[in-house]
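S.K.: Okay, handing you the structure first.
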Amino acid sequence: MKGRLMYWTLIRIAAAVTALSGVVAGFIVNVDRAARQGHHLGAVLANYFSLFTIISSLLSVVVLVAAATWWQRHPGTSPEPMRIALGMAAVAGPVILLGLVYNALLRGLPSEAALGDSAGIALLDSYAIDVLHVVMPIYFVLDLLLAPRRRGLPWWSLGVIVGYPLAWTAYTMIRGELVANPDGSAAWWYPYPFLDPHGAGGYGSALTYIGAILAAFLVIGIGMITIGRYREKRAAVRAGSAPAVGWLVH
């Protein structure tokens, strides 16, 4: 068991470093494009660090390092503490959904921002996209299914899993009307076209997409909680003890 814990500790650290490298690669790409296209660098970077992908990735770095550090300091077989389990679930849901949406709907679509990229910048851009939308979603699924000492979460934690995306959505919809597009094409800026209420569908279309995304988060959250509770119950049965979440109560 000790060897397995060390193995997964290193994996979580490696995953955190990988996620951070994707964010840094995207940062370099955005700085290059801002300079080349004459856009205001401060506005470009403010928008970059307001993207759901980037915020979720940075949060995942923090949570993964915290989880790995706790494992290192607390060897044994007891489940991870609630704060670690909640943090992992809160970042895993967004990262997994981002992977599903990007690979199902957005992969392969041309990007006007990419026009004129040098070979090096294009490579960095491709690396950032694949790391944050393919590698990290796959990692979090594997962590959910295979990592030891995962704690089963009570059902009220679904509010935490959904709360962060809702807070980001509120922030984005308010901010969108307050900042201009760095390229000067509009007096507003939304990170994703389906959230832009200035499109053909107006606020009705944007709210429909928000509702669909919320439903997707609920489904993913229910799935993660169900898997976590099942894994903890199975581990408790093997160890001859009661599950930490109280399988039949919460």
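The values are calculated or read from the model by the stated rules, or taken from the named source; none is laboratory data. Every value quoted in this text rests on a predicted model; they were computed, and no experiment measured them. Here Cβ is always computed from backbone atoms with ideal geometry, including for glycine, and neighbour counts include all displayed protein chains.
S.K.: Could you figure out which of (1) at pLDDT below 95; (2) farther than 24 Å from Leu51 by Cβ isn't true of Thr226?
M.R.: (1)
S.K.: Does Thr208 satisfy being of a type in the set (S, T, N, Q), in a helix (DSSP H, G or I) and touching a residue at least 40 places away in the same chain (Cβ under 8 Å)?
M.R.: Spelling it out, it is not the case that Thr208 is of a type in the set (S, T, N, Q), in a helix (DSSP H, G or I) and touching a residue at least 40 places away in the same chain (Cβ under 8 Å).
S.K.: A further question on this structure: Given the structure, is Ala92 touching a Gly at 6+ places or on another chain (Cβ under 6 Å), surrounded by 14 or more Cβ atoms within 10 Å (Cβ to Cβ) and either within 16 Å of Ile13 (Cα to Cα) or at pLDDT 95 or above (or both)?
M.R.: The answer is no for Ala92.
S.K.: Name the single residue, out of those in the stretch 131-188 being polar (S, T, N, Q) and in contact (Cβ under 8 Å) with a residue 40 or more places away in the chain, that is surrounded by the most Cβ atoms within 10 Å (Cβ to Cβ).
M.R.: Only one residue fits best here, namely Ser157.
S.K.: Going residue by residue through the stretch 115-133, is there one that turns out to be within 16 Å of Thr226 (Cα to Cα), charged (D, E, K, R) and outside any loop (DSSP other than H, G, I, E, B)?
M.R.: No: the stretch 115-133 contains no residue that is within 16 Å of Thr226 (Cα to Cα), charged (D, E, K, R) and outside any loop (DSSP other than H, G, I, E, B).
S.K.: Being within 28 Å of Ser185 (Cβ to Cβ) and either touching a Leu at 6+ places or on another chain (Cβ under 7 Å) or buried (at least 19 other Cβ atoms within 10 Å of the Cβ) (or both) is the filter here, so list the residues in the stretch 1-30 that pass it.
M.R.: Matches in the stretch 1-30: Gly22, Val23, Ala25, Gly26, Ile28, Val29, Asn30.
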